Amino acid sequence: AVVSTQSGHYGRGLLFSFIFCFLVVPKERKMLGFLVMSLAAVGYGAAASYNCTKVNGVEGVCDLMLNQLTLAGGRCSGCGAFGAMYFWSGIKAPACNYNTQDKSITEQLKIGMRYFDFDLGYIHKSEESLPYWEEGPVIVSIGGGAVAYSRSLKKALTEIRDFMNANKDEIVIMRINKYYQEKKETRDLLLKSIKPTFDSVFGPEGSEGVQLNFYTTLKPVRYMIESNERLVLYLNKDFWGSTLSDFRAHPDNFFESEATYNAL
């Protein structure tokens with residue numbers, strides 16, 4: 001699939017156009033002002049230690065907005081990227097029905113994939129030793145009659161981190177799309193585990209190495225490259241009950257303070 005990010009207003013979300021479907025994302029973000037203030041410490045005024053000369057291999061685009069770039073991407077990312085997938089029973093799922101890729105996340109990045117669209121399940125701690133049985137968010141392939149389990153989201157993020165840290169001119173967008181089981185308990189567990197999962201891979205904000213970016217509608221991609229905030233994460237509307245949103249730019253955000261996070 002090819003993902004094109006377009007927008008006619010900096011305060012609006014992105015419009016991702018796929019080969020097979022179109023998804024319109026948010027209108028005016030009420031939390032935009034709060035988001036800018038809460039992240040002011042990571043301002044753009046500081047001198048950049050790395051100069052943007054190209055983005056994703058393309059020269060002359062550093063002063064464009066992210067919503068003016070076109071990225072190659074895939075649906076059901078990670079399904080097949082770690083080998084065989086399994087049903088909950090432990091039976092191996094047929095690749096022809098559930099695997100969408102036969103290349104690892106790293107191999108996909110090397111051939112130019114810059115958009116990853118994950119479906120997730122949540123697995124509780126258990127003594128089981130099945131291949132997919134890794135506590136926390138796990139990549140799944142949701143079929144019409146059954147669900148196949150891949151490996152943990154953390155494994156995919158680790159490969160993305162290592163590639164991004166070795167390639168300073170690259171930008172990657174990720175979306176968490178569907179979740180299984182589709183019920184409030186699963187949704188809330190995933191929401192609570194997103195920040196700890198990302199922090200366990202990329203470190204908290206301000207850590208060395210590539211970081212998430214929350215200025216995609218405000219600043220050109222030059223900022224993303226030079227600040228090393230080159231990852232963008234979106235959650236699908238089902239997580240918020242409204243529209244696709246940056247997981248920090250939402251009025252019901254759980255992660256703005258330890259008190260609200262711990263209360264979840």
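FYI, it's all coordinate maths here, none of it is from the lab. The structure displayed is predicted, hence computed values, not measured ones.
Averaged over all directions, how much area does the convex hull of the C-alpha atoms of the stretch 79-141 cover when projected, in nm²? List each step's numbers first, then the result.
Details: hull surface 18.3 nm².
Over all viewing directions, the stretch 79-141 projects a mean Cα-hull area of 4.6 nm².
Only Cα sites of the stretch 41-188 enter the Debye sum here, all with the same form factor; the resulting log10 I(q)/I(0) across q = 0.10, 0.12, 0.22 1/Å is -0.42, -0.58, -1.37, listed in q order.
On full extension, the segment bounded by ALA146 and LEU64 gains 25.3 nm, given 0.36 nm per residue less the C-alpha separation. Taking amide H atoms as placed 1.01 Å from N in the peptide plane, the amide H of ARG151 lies under 5 Å from those of ILE139, each 5 or more residues away in sequence or on another chain. Per the Debye formula with a single identical scatterer at each Cα and no solvent contribution, what log10 I(q)/I(0) holds for the stretch 157-205 at q = 0.14, 0.23, 0.33 Å⁻¹? With no solvent term, the Cα-only Debye profile gives -0.47, -0.94, -1.22.
Residues whose amide H lies under 5 Å from that of TYR180, counting only those 5 or more places away or on a different chain, are LEU120, GLY121, TYR122; hydrogens are built 1.01 Å from N in the peptide plane. What would the Debye formula give as log10 I(q)/I(0) at q = 0.22, 0.29 Å⁻¹ for the alpha-carbon point model of the stretch 190-237, no solvent? The computed values of log10 I(q)/I(0) come out as -0.83, -1.11. Amide H to amide H, with H built 1.01 Å from N, ASN56 comes under 5 Å of GLU170, ILE171, counting only residues 5 or more places away or on other chains. Note that the stretch 51-58 has calculated 3J(HN,Hα) couplings of 8, 6, 10, 7, 9, 6, x, 9 Hz, one per residue in order, obtained from phi through the Karplus relation 6.51 cos²θ - 1.76 cosθ + 1.60 (θ = phi - 60°); glycine and proline are x. Give me the orientation-averaged projected area of the Cα convex hull of the stretch 117-169, in nm², one decimal. Averaging across all directions leaves 4.7 nm² for the Cα convex hull.
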